[in-house]
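Visitor: Structure provided below as structure tokens; questions to follow.
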Amino acid sequence: MPHQAANESNSSSDPPPTTSSLPTTTPAPTAAAPPSPDPLAVQIPAAAPRSKEPGRHKVKMDFVAETEHQISLKRGDVVLITDKADDDWWLVFESGRLAWAPMTYFEEGIIPYEDEGATENVSNA
């Protein structure tokens with residue numbers, strides 16, 4: 001029996017288990033925190049999408065054509081845009097000619113056609 005008592009005393013004096021002998025658990029995944037905003041970054045709002053419908057638009061500023069495929073524009077002119085498929089260049093019909101112009105040179109919104117005959121009747125009355 002003294003032998004058992006010696007074993008019991010030894011078992012209570014065993015060193016604690018090391019971390020390598022502990023069971024391993026995988027920590028639960030956590031959602032990554034969003035990156036903090038850069039205080040020096042300039043926030044530019046997204047531009048409203050422009051209409052892809054053909055129509056008449058007013059020219060915002062002069063544009064000088066640089067190639068034969070482009071058309072020169074004068075500020076204040078109203079021209080017919082026939083194709084807006086390209087996001088940077090629109091196809092313009094002006095003076096019997098089709099040519100390209102940068103879309104940024106046109107004001108937002110389509111200008112409706114006016115009934116020119118009604119205007120003449122009012123001025124002649």
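Visitor: Please find, within region 96-111, the residue that is nearest to residue 61 (Cα to Cα) out of those that are open to solvent by 90 Å² or more (accessible area, probe 1.4 Å) and not basic (Lys, Arg).
Guide: 108
Visitor: Right, here's the next one. From 54, 112, 102, which residue is out of contact with any Leu (no Cβ under 7 Å at 6 or more places or on another chain), at pLDDT 90 or above and not aromatic (Phe, Trp, Tyr)? Can you show your working first?
Guide: Numbers: 54 fails: at pLDDT 90 or above; 112 fails: at pLDDT 90 or above.
Checking each option against the conditions leaves just 102.
Visitor: Further, regarding this structure: Would region 87-95 turn up any residue that is open to solvent by less than 90 Å² (accessible area, probe 1.4 Å), modelled with pLDDT under 90 and within 23 Å of the chain's Cα centre (by Cα)?
Guide: For region 87-95, residues open to solvent by less than 90 Å² (accessible area, probe 1.4 Å), modelled with pLDDT under 90 and within 23 Å of the chain's Cα centre (by Cα): absent.
The values are calculated or read from the model by the stated rules, or taken from the named source; none is laboratory data. Just so we're clear, the structure is a prediction, and the values are computed from it rather than from any experiment. Heads up, the Cβs are rebuilt from the backbone with ideal geometry, glycines too, and the neighbour counts pull from every protein chain shown. The accessibility values were calculated without ligands, DNA or RNA, using every heavy atom of the protein model including side chains. Shrake-Rupley method; radii C 1.70, N 1.55, O 1.52, S 1.80 Å.
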